[in-house]
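The values are calculated or read from the model by the stated rules, or taken from the named source; none is laboratory data. Remember, predicted model here, so these are calculated numbers, not experimental data. Because the Cβ atoms are built from the backbone with ideal geometry, glycine has one as well, and the counts that use them run over all protein chains shown.
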């Protein structure tokens, strides 16, 4: 049986001894896959887009390459067939992602909304989802479930 997407990406992001802890999260990996699905990018442009340093982006590239998700060429890094398939799994689970402008209710510098289909049964009070968002750096999270037209 194939490893679930979440577990696969968490394994790539996880700490590999020896050495310091990573300064990036699974969300940096997802964003890197998204950026590389659009066009090849070099290390410097990828680091700038991800908002990470040179060391972190080298580690991200190395781990994505070790997982056979990307190849490096003269033009930059690009997704392999496995990388495209992995990115498609992410898109299937999160079919709509939008950035929300700063307002009275969304006061953080970056605000995003993700549509997650057919997973409302996993949300009980929303606290688990909020905690997961905060663990990876969010200041706050709002979870809304749409069921039976409500």
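Here is a yes/no grid of residues against (1) at pLDDT 85 or above; (2) out of contact with any helix residue (DSSP H, G or I) (no Cβ under 7 Å at 6 or more places or on another chain); (3) farther than 21 Å from residue 134 by Cβ:
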{"position": "85", "(1), (2), (3)": "yes, yes, yes"}
{"position": "88", "(1), (2), (3)": "yes, yes, yes"}
{"position": "96", "(1), (2), (3)": "yes, yes, yes"}
{"position": "99", "(1), (2), (3)": "yes, yes, no"}
{"position": "107", "(1), (2), (3)": "no, yes, no"}
{"position": "111", "(1), (2), (3)": "no, yes, no"}
{"position": "118", "(1), (2), (3)": "no, yes, yes"}
Answer residue from the stretch 131-150, given it is touching a helix residue (DSSP H, G or I) at 6+ places or on another chain (Cβ under 6 Å) and closer than 23 Å to residue 102 by Cβ and is modelled with the lowest pLDDT among those: 136
Residue selected from the stretch 121-144 under the condition over 21 Å from residue 13 (Cα atoms) and surrounded by 13 or more Cβ atoms within 10 Å (Cβ to Cβ), by the criterion nearest to the chain's Cα centre (by Cα): 141
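The rows are residues; the columns are (1) free of Cβ contacts under 8 Å to residues at least 12 places away in the same chain; (2) under 29 Å from residue 66 (Cβ atoms); (3) assigned to a helix (DSSP H, G or I).
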site: 78; (1), (2), (3): no, yes, no
site: 83; (1), (2), (3): no, yes, yes
site: 105; (1), (2), (3): yes, no, no
site: 113; (1), (2), (3): no, no, no
site: 124; (1), (2), (3): yes, no, no
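Does residue 75 fit the bill of being in contact with a strand residue (DSSP E or B) (Cβ under 7 Å, 6 or more places away or on another chain) and surrounded by fewer than 16 Cβ atoms within 10 Å (Cβ to Cβ)? Walk me through how you get there before you give the answer.
Working: in contact with a strand residue (DSSP E or B) (Cβ under 7 Å, 6 or more places away or on another chain): no; surrounded by fewer than 16 Cβ atoms within 10 Å (Cβ to Cβ): yes.
Here the answer is no, as residue 75 does not meet what is asked.
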Close pairs from the stretch 21-46: first without any contact (Cβ under 8 Å) to a residue 12 or more places away in the chain, partner assigned to a loop (DSSP other than H, G, I, E, B) and surrounded by fewer than 20 Cβ atoms within 10 Å (Cβ to Cβ), Cβ under 6 Å, at least 6 apart: 21/15
